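Below is one structure; the comments refer to it alone.
Just so you know, all these numbers are worked out from the coordinates, no wet-lab data involved. Since this is a predicted model, take the numbers as computed values, not measurements. Because the Cβ atoms are built from the backbone with ideal geometry, glycine has one as well, and the counts that use them run over all protein chains shown.
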Amino acid sequence: QVFSSVTSVLNMSVFKEQFVVEDLLQEIKRRSRALSFGPLQANGHVSVRGSFPEIKLLGDFLLLKAKCLSEEDRRGESQSHQRPRRRLQQEQLNGELSRSVRGADGESQMVVLDTDVYCYMKAFSPWRLQGSADVVISATTDGDTTTLYLESAEPKSAVGQISRIREQIEEHSIELYGALRKERLSFKGHTRAEKERYQRLCAHLEPHFPHLMMIHYDTHIDVVGSPPDIVQFTKVVSN
């Protein structure tokens, strides 16, 4: 190694319209315990010092967060007058969003997934997210993205297993990206009685569509599955 550590300056002001910058910085510090952070300046700048791989991983995390916010803004503008029917996000398909960092205690790797895909995997193929006796998988969800952290259960062990499990998760997530579609049933403009009728109907139909995932919210129901199932389901609901 030519340099034992490097120093970078983060411009946190770009997030001030969507986040409380101080809270976001605390989240970053929790994620990046191997890095040293200076005080947050009035202009939103903060200095960070640490190893180059850790600095690069932090930069990738912030770029992903900024990209997701940009995508959400564009979707909000383009869909404000449209029916909320869309394919699941595919910006995470880029392999650059899978990262690994090797430290003194072994290796940890990170995979960023669309939250809908993560929930679908968790519901229908949970064994893919269970790791192994030597690999521990934890997840953190932040809106439309979910980050998986794959770590060795014991120091300096299971390095090969981590890579193999990560690759399996990535391959399956790519398959789901291409195969799944999401339909949103909005309760906007409906009375309380109509909302309850929608909920009862979806609960009644759920056993008849075993490969659909239904996520219930106060304002809407998201239905995720294959296009044929989605089309058939929405046709039944509309009738």
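Details
- Modelled label positions at Arg33 and Ser226, each set 7 Å beyond Cα in the direction of Cβ, lie 4.4 nm from each other.
- Remark: for residue pairs Lys122/Lys235; Lys16/Lys122; Lys122/Lys195; Lys29/Lys188; Lys195/Lys235, the C-alpha separation exceeds 29 Å in Lys16/Lys122; Lys29/Lys188.
- 20 °C / 1.002 mPa s Stokes-Einstein diffusion coefficient of region 131-239, Kirkwood radius on C-alpha pairs, µm²/s: 129 µm²/s
- In order along region 198-208, the Karplus-derived 3J(HN,Hα) couplings, from 6.51 cos²θ - 1.76 cosθ + 1.60 at θ = phi - 60°, round to 4, 5, 5, 5, 5, 5, 5, 7, 3, x, 7 Hz, and Gly and Pro are given as x.
- Protection-proxy order for peptides 226-235, 191-200, 54-63, each taking the mean of Cβ atoms within 10 Å per residue, highest first: 54-63, 226-235, 191-200
- Whole-Hz ³J(HN,Hα) from phi, Karplus 6.51 cos²θ - 1.76 cosθ + 1.60, for region 143-153, glycine and proline x: x, 7, 10, 10, 9, 9, 10, 10, 9, 6, 5
- The ellipsoid equivalent to the alpha-carbon distribution of region 181-238 has semi-axes of 19, 11, 10 angstrom, derived from the gyration tensor eigenvalues as √(5λ) and listed largest first.
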